[in-house]
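The values are calculated or read from the model by the stated rules, or taken from the named source; none is laboratory data. All figures in this text were calculated on a predicted structure; none of them were measured in a lab. Methodologically, a virtual Cβ is constructed for each residue, glycine included, from the backbone with ideal geometry; neighbour enumeration extends over all protein chains shown. Please note that ligands, DNA and RNA were not included when accessible areas were found on the heavy atoms of the full protein model with its side chains. Shrake-Rupley method; radii C 1.70, N 1.55, O 1.52, S 1.80 Å.
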Amino acid sequence: MKKTVELSVRDFRAIKHADIAIDGITVVAGVNGCGKSTLSKLLYYILHETNAYENLAVSYFNNQAQPYFNLLEQMQYRVIMHKGFSSIGLGRHLRFAGLPGMEQADLFMNNVKDLCDRFWEYTRKTSGDYEISERLEWILRSTTRSSTSHSTREMLDMLILQMNDLLDEAKKINLERPIRILKNNLSEIFNTNFPRNIVLKEWGDPIIGEGVNNVPILHSVKKVAYIDTPMVIGMPTNSQQPGYWKEINTLLKNPPQRGYKRTINDLIKKNIQGDASFSDDFFDGGFKYKRWDGQEFDLMECATGIKSFAMLQLLLKNRFIDENTLLIIDEPEAHLHPQWIVEYARIIILLHKRIGVKFFIASHSTDMVSAIRYLAEKEKCLNSLGFYVAEEHTTGSSTYSFRSLGHDIDPIFESFNKSFLQLDSYINNQR
């Protein structure tokens with residue numbers, strides 16, 4: 001039977017070979033540096049960028065149109081500064097960030113046309129023969145690639161025409177979804193030419209890989225989030241940090257929605273002895289944790305274990321997580337007491353069983369692996385569970401192959417037990 005999502009990776013970073021299925025709850029285990037985080041990031045970015053393909057088309061337009069934005073900024077400044085003219089309402093989004101989204105395309109171009117008309121009126125009021133300064137003429141002529149025979153009005157019309165052509169190209173990209181745009185974006189993210197031997201399929205059909213010319217629209221995974229540390233909650237983000245940090249904080253800030261599973265929320269509240277929330281109040285906003293005794297704390301100042309559960313709680317209450325969601329969590333046990341590891345695993349199982357959330361979990365913990373395995377069996381959803389273990393491809397090669405284990409977790413324990421063998425070797429060799 002075809003799996004919902006399958007990721008196949010060959011010879012990428014530390015991964016020699018991996019065929020990973022996402023059909024419910026997928027757990028991968030292995031030593032540090034074996035490629036677990038690489039798999040997590042590949043899944044996240046391929047699925048996220050595919051779902052947000054329109055943003056790629058918008059980014060293409062904005063990158064190509066940057067010289068025009070610089071020109072429009074010069075024109076807007078002249079119009080605003082000229083006596084008798086006020087701001088025409090284009091705002092900073094036009095001057096610095098370009099087109100916000102495809103749905104604003106018509107309004108955007110209307111603003112561009114309006115600015116060109118007002119700039120033309122500015123030249124009429126400042127010069128009887130419709131001339132502009134030598135500097136502005138050079139900027140306008142060089143940007144539109146006009147000849148010296150073109151008048152100012154003709155150059156402004158050329159500006160509008162050229163921007164319309166670029167916008168039509170972006171609309172075509174958004175409609176046809178060529179794979180080259182997605183691959184170019186992934187190449188920038190991973191700082192390498194995106195390999196041909198990385199393939200992602202949905203129910204057997206390739207979404208990305210050899211022979212794919214146009215990116216299909218995903219059906220089973222409409223939403224994806226990646227949590228690699230609970231410490232990121234509420235953290236100010238910048239362009240030097242991973243994009244998924246900003247994304248997860250944006251998702252966590254969404255307001256609660258009706259219809260979320262209150263029984264699961266009650267379990268989370270019981271575990272952390274309180275409730276997490278977010279407020280955008282200017283004076284007293286941010287992420288909050290309200291303990292059962294009524295005391296309220298800044299969530300950023302709370303224990304990392306509380307933050308771990310709070311992230312799941314906030315995503316549950318705002319209904320980001322549903323049957324179309326893949327939640328990727330890297331080492332969820334890292335900040336949890338052994339008892340809370342079991343409770344966290346239980347929440348994962350129940351979110352999948354009762355809501356249909358899909359999970360990709362990378363773990364180093366015998367407690368987490370055991371809890372997921374046996375709680376899934378108890379909740380009668382073992383068929384949705386799959387384990388993988390990373391093994392050295394060849395001894396000393398520093399590359400790893402991921403072996404599918406089905407429901408058998410013994411090989412994972414054998415991998416974890418190497419730490420005890422290492423400890424015994426040190427103890428036995430002491431003098």
Can you tell me which aspartates and glutamates have their Cα less than 13 Å from the Cα of residue 201? Leave out same-chain residues fewer than eight positions away.
6, 19, 23, 210
With labels modelled as points extended 7 Å from the Cα through the Cβ direction, what inter-label distance (nm, one decimal) is found for residue 298 paired with residue 176?
5.2
Once you have all Cα-Cα distances for the stretch 264-342, histogram them in 5 Å bins from zero and send the whole-percent values.
3, 14, 24, 25, 21, 9, 4, 1
Here, chymotrypsin sites (Phe, Trp or Tyr not before Pro) of the stretch 218-308 satisfying both criteria (DSSP loop; at most 12 other Cβ within 10 Å) are 282, 283, 292
Where in the stretch 197-268 are there GluC sites (Glu not before Pro) that are in a DSSP coil and have at most 10 other Cβ atoms within 10 angstrom of their Cβ?
210
Could you work out, for the stretch 26-68, what percent of all Cα-Cα pairs fall into each 5 Å distance bin, beginning at 0 Å and stopping at the bin that holds the largest distance?
5, 19, 16, 15, 12, 11, 10, 7, 4, 2, 0
Whether the chain is rounded, prolate or oblate, judged on the alpha carbon gyration tensor where a/c under 1.5 counts as rounded
prolate
Summing -39500 (n - 2.57) over the DSSP H runs of n ≥ 4 in the chain and dividing by its residue number, what mean residue ellipticity at 222 nm do you reach, to the nearest 500 deg cm²/dmol?
-15000 deg cm²/dmol
Can you pull the percent of Cα pairs in the stretch 135-287 with separation above 27 Å?
57
Stretched out fully, how many nm does the piece from residue 262 to residue 240 gain, at 0.36 nm a residue minus the Cα gap?
4.2 nm
Return the single residue from 331, 296, 343 with maximal mean-square fluctuation; model: Gaussian network over the chain, springs between Cα atoms under 10 Å.
296
Which of 168, 228, 23 moves the most in a Gaussian network model of the chain with Cα springs under 10 Å?
168
Regarding the stretch 315-431, what whole-number volume in Å³ per residue does the convex hull of its Cα atoms give?
140
Cα-only Debye scattering, the stretch 227-308: base-10 log of I(q)/I(0) at q = 0.13, 0.24 Å⁻¹
-0.44, -1.36
Considering only protein heavy atoms, what per residue accessible area in square angstrom results for the stretch 194-326 with a 1.4 angstrom probe?
52
Cross-link pairs 223/307; 171/253; 41/253; 261/307; 16/41 - those with Cα-Cα distance over 28 Å
171/253
Selection from 209, 370, 199 lying farthest towards where the dipole of the chain points positive, charges on Cβ:
370
Mean shadow area of the stretch 185-241 over all directions, Cα convex hull, nm²
5.8
Using a probe of 1.4 angstrom, how much of the accessible area of the chain is carbon and sulfur, in percent?
48
Environment charge at residue 266 (Cβ cut-off 12 Å; Lys +1, Arg +1, Asp -1, Glu -1)
+4
Less than 14 Å Cβ to Cβ from residue 310, Lys/Arg counted +1 and Asp/Glu -1: what total charge do the surrounding residues give?
+3
